[in-house]
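**Q** I'd like to ask you about the structure that follows.
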Amino acid sequence: FTIISLIIAGVAWYWSGDVNRFAQVLVVASPCPLILAAPVAFISGMSRASHRGIIVKGGSTLEQIARADIFAFDKTGTLTTDQVAVDHIDVAKGYTPQIIISIAASVEAISTHVLATSIINYAHQHHIQPAPAHSIREATGGGIFATIDRRRVVVGSLAFLRSNHIKNLPDNIHDQTAVLVAAGGKFIGAIYFTDTVRPGAKTALNTLRHLGVKQTIMLTGDRQATAQHIGRTVGVDKIYSQLSPTGKVDIINQYRSQKHRVAMVGDGINDAPVLATADVGVAMGVIGSTVAGETADAVITSSHIGRIAELRQIAKRTMRVARQSVLTGIVICLALEIIALFGFIPAVIGAILQETIDVLTIFNALRARR
Ligand code: ADP
Ligand code: MG
């Protein structure tokens, strides 16, 4: 733009033999529309998003959301609700559901995982006292270790218990989200949950497809059978199950190395690493400060999964308005420069016209707010 403007101004000077003509062209050539249009459109888009309960941390986030061709979702707490209920409890010989819950509730006290909250609520509702535990330590995306009555307790996924060499693991585990409990190196019980798909999840994924997303994928630490059940219900294109938090990161990196642009939507609890790895990370249902809320580029503060489709829509519109305002500004400037080339625009009038263009550009870019 600058080079073209200088050439037009140079031609005007050379052709008229009047240095004033050079100035007259350059007065209308001020690149304000270029500088103003994009920021105004982005701020407008961010404002519109925040009205819908979506915090967008920067203009480039909207650009990435608009450009992403793959949307990846976490399962537990993202595609499914963050209010998971305990469904039933299986126990090994010599144990009761009360004992299993009392052990699990006690070690889960340190966790912010949706399953932890669910177990603690269940214990509370059934008046089960948590067993006194100490040396509690969480392995993100796998489970928890602790010591109760001098016995080592392991609570978590089947894979997690297996990797901790737990004996007597059952081979007939239901296709439901489960937390398994082991004590003294042996399996003692399993807590099963009813996974409820978030209302509107299927519609949100369909809307994303209509908005140009090529592929939707699901990344989960859960077992394949459970993952497939949820994945089919919401209609994701591809399912990756039994992933550790680093496994999720690897999948995202794989897509990125194939020149895909990936948006990751996570539940904001233990998805911080994947949210940071994706081109753009969106945390769902985050209220207050969590690691994921801080790592994510955008945060959806409500539990409506439909907001992710709205965010894509807002982002696309913002990009369209920004691009269009910049182009309109440039075209008007160039037209005025050509008129000035022929000496029809005195410098003062040119300056006024220039301001008018700026105002028009701002108004045009503000359309991104609607
Ligand atoms: P998703 O990827 O679907 O959100 P996570 O990676 O958070 O699932 O968890 C995968 C599995 O790991 C859970 O289904 C559960 O069995 C186990 N798990 C993770 N964190 C915990 C925890 N704090 N307590 C018990 N089990 C856990
Ligand atoms: Mg999760």
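For (1) within 16 Å of ligand 2 (Cβ to nearest atom); (2) touching a residue at least 24 places away in the same chain (Cβ under 8 Å); (3) surrounded by fewer than 19 Cβ atoms within 10 Å (Cβ to Cβ), each residue gets a yes or a no:
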{"position": "Tyr95", "(1), (2), (3)": "no, yes, yes"}
{"position": "Gln98", "(1), (2), (3)": "no, yes, yes"}
{"position": "Glu108", "(1), (2), (3)": "yes, yes, no"}
{"position": "Ser111", "(1), (2), (3)": "yes, yes, no"}
{"position": "Val114", "(1), (2), (3)": "yes, yes, no"}
{"position": "Ile119", "(1), (2), (3)": "yes, yes, no"}
{"position": "Tyr122", "(1), (2), (3)": "no, yes, no"}
{"position": "His127", "(1), (2), (3)": "no, no, yes"}
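**Q** Which residues, counting only those in the range 55-73, are surrounded by 16 or more Cβ atoms within 10 Å (Cβ to Cβ) and either of a type in the set (A, V, I, L, M, F, W, C) or modelled with pLDDT under 95 (or both)?
**A** Matches in the range 55-73: Ile55, Val56, Gly59, Leu62, Ile65, Ala66, Ala68, Ile70, Phe71, Ala72, Phe73.
**Q** Counting residues that are surrounded by fewer than 16 Cβ atoms within 10 Å (Cβ to Cβ) and within 36 Å of the chain's Cα centre (by Cα), which helices (runs of 4 or more DSSP H) fully inside the range 290-370 reach at least 2?
**A** The qualifying helices (runs of 4 or more DSSP H) are 307-341, 347-366.
**Q** Testing Gly77 on (1) open to solvent by 10 Å² or more (accessible area, probe 1.4 Å); (2) at pLDDT below 95; (3) within 16 Å of ligand 1 (Cβ to nearest atom), one condition comes back false. Which one is that?
**A** (1)
**Q** Give the residue, chosen from Pro39, Pro33, that is over 19 Å from Val331 (Cβ atoms), part of a helix (DSSP H, G or I) and within 35 Å of the chain's Cα centre (by Cα).
**A** Among Pro39, Pro33, only Pro39 is over 19 Å from Val331 (Cβ atoms), part of a helix (DSSP H, G or I) and within 35 Å of the chain's Cα centre (by Cα).
**Q** Kindly establish whether Thr61 is under 29 Å from Asp237 (Cβ atoms), in a helix (DSSP H, G or I), more than 14 Å from ligand 1 (Cβ to nearest atom) and not hydrophobic (A, V, I, L, M, F, W, C).
**A** The answer is yes for Thr61.
**Q** Still on this structure, I have one more. Quick one: Thr117 ticks every box in (1) hydroxyl-bearing (Ser, Thr, Tyr); (2) over 21 Å from Ala283 (Cα atoms); (3) out of contact with any helix residue (DSSP H, G or I) (no Cβ under 7 Å at 6 or more places or on another chain); (4) at pLDDT below 95 bar one, so which box is it?
**A** Result: Thr117 fails condition (2) only.
**Q** If I ask for residues that are aliphatic (A, V, I, L, M) and either under 13 Å from Ala263 (Cβ atoms) or away from ligand 2 (no atom under 16 Å from the Cβ) (or both), which ones from the range 56-81 would you list?
**A** Passing the criteria: Val56, Leu62, Ile65, Ala66, Ala68, Ile70, Ala72.
The values are calculated or read from the model by the stated rules, or taken from the named source; none is laboratory data. The structure presented is a predicted model; accordingly, all values stated were derived computationally and were not measured. Using ideal geometry, Cβ is built from the backbone for each residue, glycine included, and neighbour counts are taken over all protein chains shown. The protein model used for the area step is the full one, side chains on, heavy atoms only, and it has no ligands, DNA or RNA in it. Shrake-Rupley method; radii C 1.70, N 1.55, O 1.52, S 1.80 Å.
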